[in-house]
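Inspection log for the structure reproduced underneath, given as structure tokens.
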Amino acid sequence: MEQTAKLIVDGKTYELPIVVGTEGERGIDISRLRQETGLITLDPGYANTGSCKSGITFMDGEKGILRYRGIPIEQLAEHSTFTETAYLLLNGELPTREQLTNFSILLNDHSLVHEDMREFFENFPRRAHPMGILSSMVNALRAFYPQLPESSEDENVNVMSTRLLSKVRTMAAMSYKISKGHKVVYPRHDLTYAANFLNMMFDSPVLPYRIDEVLVEGLNVFWILHADHEQNCSTAAVRLVGSARVNLYAAISSGISALWGPLHGGANQAVVEMLKEIQANNGDVKPFIKRAKDKKDPFRLMGFGHRVYKTYDPRARIMKKVCDKVLNRLKQKDELLDIAGKLEEIALKDPYFIDHNLYPNVDFYTGIFLQALGIPINMFTVMFAIGRLPGWISQWRESIDDPQWKLHRPRQIYTGSKERDYVPMKDRNSSKGKP
Ligand code: ACO
């Protein structure tokens, strides 16, 4: 029997259908609300709003569950590679050996970047933030590869998706090399996706890079953990911009811009900066905890809290283990990891953090891991962006095929001036308020 919710407005009762997902999640379908009642809903930040139905990623923030296409993140982190997980997200099923080989061949075929694009890279100011560069360059791909798909069935969608997955990785490493004034290292056909990236970043004619399998495995896990996260801010941006039927490159470029923010993907950089500040403060975490609780102080504990997770982020738990493994392998002791551990221990016992359900999120440990790999701090969010690509592309593909597709266009409750007349300049009283 169809479930409904009742809404009573001005004494009149309206029945609203309840939609049930495969994991039993329930939502009230208000798609006919305005048409039937003249009312809209108001939900700042969309915390209670489902913008679509999706079969890609399931998360339960109360229980700390994350699954891609039904498969728990813990199993993917243990057994899969980033390439295989990307295939899973894009196609809905794990690949056969042959499908995975073909996908890897395609990724290799598309890994080179148009030589003319180097000119672009070389003309950005050396100190430009790599996220700004990446977002611009991804948008520019449209100019270099103008052929666009006619429909989602078009083979060109696969080509564009693979091109993005492969080239963004090359472009990220390329922009790093150029920012250092070093020779660009090209992708190699004999290396896997993650190993290739590390080699493009760190190989040099005077100091060949030695690929370490523990680091490669760590990077695979890092990217798997970031591969999708349902309707987060940047994915919502990709879907929203994509809903205007822009090309895939433009939609992904907007996702990259959204990810840049310190409340979203930029948090991994903000965490390390915060940990370094604590380190400079003799490693004393208490003043930082105090500041985070002070409502008059805008400071927040970076890497803590999440819109959906109200318990420990399952990705943070996996990332912490990866950090330990990689630091052990490198025989490094990172004081920042000790500070992070101390911060976590104190915060998790503090009534403020308990009452507000604030637990470490994925970004809490990723910065330490990336630093151990040798990734410069301003490229941390770029690393996140490479990982999030399969999710953004899958969500874009799902949205363009959605039979309920609509241009995204929220409404508002207007709170400005009532109608008033235009006042000619000569009659305006300049002493009354500022423009
Ligand atoms: N430190 C201190 N207090 C916090 C924190 C924090 N990190 N996060 C939330 N709070 C408090 C708020 O002050 C607010 O308190 P109040 O109700 O007493 O006024 C309450 O918790 C709710 O905060 P909101 O901002 O409304 O919660 P929201 O769900 O919008 O925030 C967010 C989620 C933005 C991630 C927030 O927790 C935050 O700013 N965290 C720090 C930045 C961060 O780590 N971002 C990465 C997120 S994961 C990702 O994007 C990959």
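Taking into account only those residues within the stretch 147-201 that are in a loop (DSSP other than H, G, I, E, B) and among the small types (Gly, Ala, Ser), which is nearest to the chain's Cα centre (by Cα)?
If we take residues in the stretch 147-201 being in a loop (DSSP other than H, G, I, E, B) and among the small types (Gly, Ala, Ser), then SER152 is nearest to the chain's Cα centre (by Cα).
Considering only residues that are without any contact (Cβ under 8 Å) to a residue 24 or more places away in the chain and over 18 Å from GLU155 (Cα atoms), which ones fall in the stretch 102-123?
Scanning the stretch 102-123 gives GLU115, GLU119, PHE120, ASN123.
Hey, any hits in the stretch 133-144 for a residue that's aromatic (Phe, Trp, Tyr), in a helix (DSSP H, G or I), more than 21 Å from the chain's Cα centre (by Cα) and more than 22 Å from GLN395 (Cβ to Cβ)?
Taking every residue of the stretch 133-144 in turn, at least one turns out to be aromatic (Phe, Trp, Tyr), in a helix (DSSP H, G or I), more than 21 Å from the chain's Cα centre (by Cα) and more than 22 Å from GLN395 (Cβ to Cβ).
Within the stretch 352-393, which residues are outside any helix (DSSP H, G or I), over 19 Å from the mean Cα position of the chain (by Cα) and near the ligand (Cβ under 9 Å from one of its atoms)?
Scanning the stretch 352-393 gives HIS356, ASN357, LEU358.
Is it the case, given these coordinates, that ARG300 is under 23 Å from GLY64 (Cα atoms) and at pLDDT 95 or above?
Here the answer is no, as ARG300 does not meet what is asked.
Return yes or no: is PRO410 within 26 Å of the chain's Cα centre (by Cα), surrounded by fewer than 10 Cβ atoms within 10 Å (Cβ to Cβ) and in a loop (DSSP other than H, G, I, E, B)?
Against the criterion (within 26 Å of the chain's Cα centre (by Cα), surrounded by fewer than 10 Cβ atoms within 10 Å (Cβ to Cβ) and in a loop (DSSP other than H, G, I, E, B)), PRO410 does not qualify.
Condition first: within 15 Å of the ligand (Cβ to nearest atom), of a type in the set (A, V, I, L, M), part of a helix (DSSP H, G or I) and in contact (Cβ under 8 Å) with a residue 24 or more places away in the chain. Now tell me which residues in the stretch 212-238 satisfy that.
Listed by number, the residues that qualify are ILE224, LEU225, ALA236, VAL238.
If I filter the stretch 222-252 down to residues being buried (at least 24 other Cβ atoms within 10 Å of the Cβ) and aromatic (Phe, Trp, Tyr), which single residue comes out as nearest to LYS321 (Cα to Cα)?
PHE222
Answer with yes or no whether ALA340 is more than 9 Å from the ligand (Cβ to nearest atom), within 27 Å of the chain's Cα centre (by Cα) and within 18 Å of LYS276 (Cβ to Cβ).
Yes, satisfied.
Just one of the numbered conditions (1) surrounded by 16 or more Cβ atoms within 10 Å (Cβ to Cβ); (2) more than 27 Å from ARG239 (Cα to Cα); (3) without any contact (Cβ under 8 Å) to a residue 40 or more places away in the chain is not true of HIS79; which one?
In the conditions (1) surrounded by 16 or more Cβ atoms within 10 Å (Cβ to Cβ); (2) more than 27 Å from ARG239 (Cα to Cα); (3) without any contact (Cβ under 8 Å) to a residue 40 or more places away in the chain, HIS79 misses (1) alone.
Has the stretch 94-115 got at least one residue that is surrounded by 21 or more Cβ atoms within 10 Å (Cβ to Cβ) and more than 30 Å from ASP402 (Cβ to Cβ)?
There is at least one residue in the stretch 94-115 that is surrounded by 21 or more Cβ atoms within 10 Å (Cβ to Cβ) and more than 30 Å from ASP402 (Cβ to Cβ).
Is one or more of the residues making up the stretch 394-404 closer than 21 Å to GLY261 by Cβ and within 16 Å of the ligand (Cβ to nearest atom)? Working first, answer last.
Let us first name the residues in the stretch 394-404 that are closer than 21 Å to GLY261 by Cβ, namely 395-396.
Of the ones still in play, those that are also within 16 Å of the ligand (Cβ to nearest atom) are 395.
Yes - at least one qualifying residue is present in the stretch 394-404.
Looking only at the stretch 293-324, count every residue that is more than 27 Å from HIS229 (Cα to Cα) and surrounded by 14 or more Cβ atoms within 10 Å (Cβ to Cβ) and tell me the total.
Residues in the stretch 293-324 being more than 27 Å from HIS229 (Cα to Cα) and surrounded by 14 or more Cβ atoms within 10 Å (Cβ to Cβ): 1 in total.
Can you find even one residue in the stretch 62-76 that is assigned to a loop (DSSP other than H, G, I, E, B), within 16 Å of the ligand (Cβ to nearest atom) and closer than 28 Å to PRO390 by Cβ? Lay out the reasoning, then the answer.
If we filter the stretch 62-76 for residues that are assigned to a loop (DSSP other than H, G, I, E, B), which is where we start, we get 62-64, 69-70.
Of the ones still in play, those that are also within 16 Å of the ligand (Cβ to nearest atom) are 62, 64.
Narrowing the set further to residues that are closer than 28 Å to PRO390 by Cβ leaves 62, 64.
So far as the stretch 62-76 goes, yes, one or more of its residues are assigned to a loop (DSSP other than H, G, I, E, B), within 16 Å of the ligand (Cβ to nearest atom) and closer than 28 Å to PRO390 by Cβ.
Determine which single condition GLY45 fails, assuming it passes every other condition in (1) surrounded by 12 or more Cβ atoms within 10 Å (Cβ to Cβ); (2) within 16 Å of the ligand (Cβ to nearest atom); (3) over 19 Å from ASP228 (Cβ atoms).
Exception for GLY45: condition (1).
So which of LYS310, LYS333 is part of a loop (DSSP other than H, G, I, E, B) and within 14 Å of the ligand (Cβ to nearest atom)?
LYS310
Can you tell me which residue within the stretch 174-203, out of those that are at pLDDT below 95 and of a type in the set (Gly, Ala, Ser), is surrounded by the most Cβ atoms within 10 Å (Cβ to Cβ)?
Only one residue fits best here, namely SER175.
Return the residues of the stretch 3-17 that are loosely packed, with under 13 Cβ neighbours inside 10 Å and among the β-branched types (Val, Ile, Thr); say none if nothing qualifies.
Step one: list which residues in the stretch 3-17 are loosely packed, with under 13 Cβ neighbours inside 10 Å, which gives 3, 6, 8-13, 15.
If the condition is that a residue be loosely packed, with under 13 Cβ neighbours inside 10 Å and among the β-branched types (Val, Ile, Thr), then ILE8, VAL9, THR13 are the ones that fit.
Kindly evaluate ILE18 against the criterion of being without any contact (Cβ under 8 Å) to a residue 60 or more places away in the chain and not in a helix (DSSP H, G or I).
When the stated conditions are applied, ILE18 passes them.
Among the helices (runs of 4 or more DSSP H) confined wholly to the stretch 239-303, which include 1 or more residues that are farther than 13 Å from PHE384 by Cβ, within 11 Å of the ligand (Cβ to nearest atom) and touching a residue at least 60 places away in the same chain (Cβ under 8 Å)?
Here the list reads 286-293.
Yes or no, residue by residue, for (1) closer than 20 Å to LEU370 by Cβ; (2) of a type outside the set (A, V, I, L, M):
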residue	(1), (2)
VAL214	yes, no
PHE222	yes, yes
ALA244	no, no
ALA251	no, no
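Right, TYR87: within 27 Å of PHE103 (Cβ to Cβ) and in contact with an Asp or Glu (Cβ under 8 Å, 6 or more places away or on another chain) or not? Reasoning before the result, please.
Working: within 27 Å of PHE103 (Cβ to Cβ): yes; in contact with an Asp or Glu (Cβ under 8 Å, 6 or more places away or on another chain): no.
Considered against the rule, which asks whether it is within 27 Å of PHE103 (Cβ to Cβ) and in contact with an Asp or Glu (Cβ under 8 Å, 6 or more places away or on another chain), TYR87 comes out as no.
What single numbered condition from (1) under 20 Å from the mean Cα position of the chain (by Cα); (2) surrounded by fewer than 16 Cβ atoms within 10 Å (Cβ to Cβ) fails to hold for LYS290?
For LYS290, the exception is condition (1).
The values are calculated or read from the model by the stated rules, or taken from the named source; none is laboratory data. The shown structure was predicted, so the numbers you read here are calculated from the model rather than taken from an experiment. Glycine gets a Cβ as well: all are built from the backbone with ideal geometry, and neighbour counts include every protein chain shown.
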